[in-house]
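Asks: Mind having a look at this structure? Questions to follow.
The values are calculated or read from the model by the stated rules, or taken from the named source; none is laboratory data. This is a predicted model, so every value here is computed, not measured. Counting neighbours? That spans all protein chains shown, and the Cβs are built from the backbone with ideal geometry, glycine included.
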Amino acid sequence: MQWDDLRFFLAVERTGTLGAAGARLGVDATTVGRRIDRLSDTLNTPLFDVGSQGHRLTPAGETLLQHAEAVERSILAATGDLTGESSRLAGTVRVSMPEGLASGLVAPGLPAFHAAHPGIALELASTQGFLNPSKREADIAIMLSRPVSGRLIVSKLGDYRLGLYASRDYIERHGMVTDVADLRTRTLIGYIPDLLFWDALRYLEDVDPGLQPRITSSSIAVQHALTHAGTGLCVLHHFMAREDVTLVPVLPDIVITRTYWMVVHADLRRVARIAAVMDWLRSLPLS
């Protein structure tokens, strides 16, 4: 059994298809399939079941996965130690995070981070859902719920708060909202319900379970832009809204609190560039 075959095996397990694994490894799907077949023949057992959902591990594949990940950890550790990569404040760090955090705090803070760490190249993946450190899709993930499985180190990044906001122009045209009942007569902006990837994003339900957004977007940046334009009222992060002088708080006694969790694979937590990014993320002014 060769490490290179195990590398192909891990890529298929983490992406779910031969095509996606090939894209990650820089080869075509046929090559990936041939390597998986060779590994299965070597072990004299099928490693994947193939169905409409892609490639899923067989019981033998589950057993091999534990050993393959152990081999991977050893190789990564040895490579980092021998090349000095683990101790250098240089290289690429991919961070998966919610869009609100990325646009509201991380992007404005990047100039200072790069001035302090010019050798670190940050990749900010603000996607629907999140990239999984367990599957090596990201080095660090900021999540709205705490993961319960995988070889992951999880720490609380911090609580953040949200509230209702409208533009001054909207208030001048429609008047200030006086109570929650008044919200039912207003144009509300929110997420597209069936595209929500975290239940924690159902902010309007915290205000009143009967409220429904009339204008929806899967992007909090678009929701902010709609609010800024005077389209309606929206639940926004305080750290995002406070930088927009055109917005005013609505029913300020209503405060919604959520938590960001920082997740890193156990093998990476002591890598210098990863640690530097984690320390910087902890310094962001969430409240």
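Asks: Does region 249-267 hold any residues that are more than 17 Å from the chain's Cα centre (by Cα) and crowded, with 17+ Cβ neighbours inside 10 Å, and which are they? Quick ask: steps written out before the conclusion?
Replies: We begin by selecting, within region 249-267, every residue more than 17 Å from the chain's Cα centre (by Cα); these are 249-257, 266-267.
Scanning region 249-267 gives Val250, Leu251, Ile256, Asp267.
Asks: From the list Leu89, Leu131, Leu124, exactly one residue is at negative phi and either in a helix (DSSP H, G or I) or modelled with pLDDT of 85 or more (or both). Which is it?
Replies: Leu124
Asks: Would you confirm whether any residue within region 50-72 is surrounded by 13 or more Cβ atoms within 10 Å (Cβ to Cβ), on the phi > 0 side of the Ramachandran plot and either in contact with a helix residue (DSSP H, G or I) (Cβ under 9 Å, 6 or more places away or on another chain) or at pLDDT 90 or above (or both)?
Replies: If we filter region 50-72 for residues that are surrounded by 13 or more Cβ atoms within 10 Å (Cβ to Cβ), which is where we start, we get 54-58, 60-61, 63-65, 68-69, 71-72.
From the residues that got through so far, the ones that are on the phi > 0 side of the Ramachandran plot too are 54.
In the following step, the residues that additionally are either in contact with a helix residue (DSSP H, G or I) (Cβ under 9 Å, 6 or more places away or on another chain) or at pLDDT 90 or above (or both) were identified as 54.
Yes, some residue in region 50-72 is surrounded by 13 or more Cβ atoms within 10 Å (Cβ to Cβ), on the phi > 0 side of the Ramachandran plot and either in contact with a helix residue (DSSP H, G or I) (Cβ under 9 Å, 6 or more places away or on another chain) or at pLDDT 90 or above (or both).
Asks: Out of region 21-53, which residues are among the polar types (S, T, N, Q) and either closer than 14 Å to Arg7 by Cβ or assigned to a helix (DSSP H, G or I) (or both)? I'd like the intermediate steps shown before the answer.
Replies: Our first condition is that a residue be among the polar types (S, T, N, Q); within region 21-53, this holds for 30-31, 40, 42, 44-45, 52-53.
Answer for region 21-53, where residues must be among the polar types (S, T, N, Q) and either closer than 14 Å to Arg7 by Cβ or assigned to a helix (DSSP H, G or I) (or both): Thr30, Thr31, Ser40, Thr42.
Asks: Test Val222 against the stated conditions and say whether it is modelled with pLDDT of 95 or more, surrounded by fewer than 15 Cβ atoms within 10 Å (Cβ to Cβ) and within 18 Å of Ser103 (Cβ to Cβ).
Replies: Judged against the criteria, Val222 is a match.
Residues checked against (1) among the aromatic types (Phe, Trp, Tyr); (2) at pLDDT below 95:
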{"site": "Leu152", "(1), (2)": "no, yes"}
{"site": "Arg161", "(1), (2)": "no, no"}
{"site": "Leu164", "(1), (2)": "no, no"}
{"site": "Ser167", "(1), (2)": "no, no"}
{"site": "Tyr170", "(1), (2)": "yes, no"}
{"site": "Ala181", "(1), (2)": "no, yes"}
{"site": "Thr187", "(1), (2)": "no, no"}
{"site": "Leu195", "(1), (2)": "no, yes"}
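Asks: If you don't mind, there's one more thing I want to ask. Do you know which residues across region 252-284 are aliphatic (A, V, I, L, M), out of contact with any Lys or Arg (no Cβ under 6 Å at 6 or more places or on another chain) and within 25 Å of Trp198 (Cα to Cα)?
Replies: Correct list: Ile254, Ile256, Met262, Val263, Val264, Val277, Met278, Leu281, Leu284.
Asks: Can I ask one more? Which of the residues spanning region 206-244 are of a type in the set (A, V, I, L, M, F, W, C) and more than 23 Å from the chain's Cα centre (by Cα)? Show your work before the answer.
Replies: Taking region 206-244 and keeping what is of a type in the set (A, V, I, L, M, F, W, C), we get 207, 211, 215, 220-222, 225-226, 229, 233-236, 239-241.
Residues satisfying the conditions are Val207, Leu211, Ile215, Leu226, Ala229, Leu233.
Asks: For region 151-247, which strands (runs of 3 or more DSSP E) that fit wholly inside it have 2 or more residues that are touching an Asp or Glu at 6+ places or on another chain (Cβ under 9 Å)?
Replies: 152-167, 233-237
Asks: Then there is this: Among the residues of region 109-119, is any surrounded by 15 or more Cβ atoms within 10 Å (Cβ to Cβ), under 22 Å from Asp199 (Cα atoms) and either aliphatic (A, V, I, L, M) or modelled with pLDDT under 95 (or both)?
Replies: Among the residues of region 109-119, not one is surrounded by 15 or more Cβ atoms within 10 Å (Cβ to Cβ), under 22 Å from Asp199 (Cα atoms) and either aliphatic (A, V, I, L, M) or modelled with pLDDT under 95 (or both), which makes the answer no.
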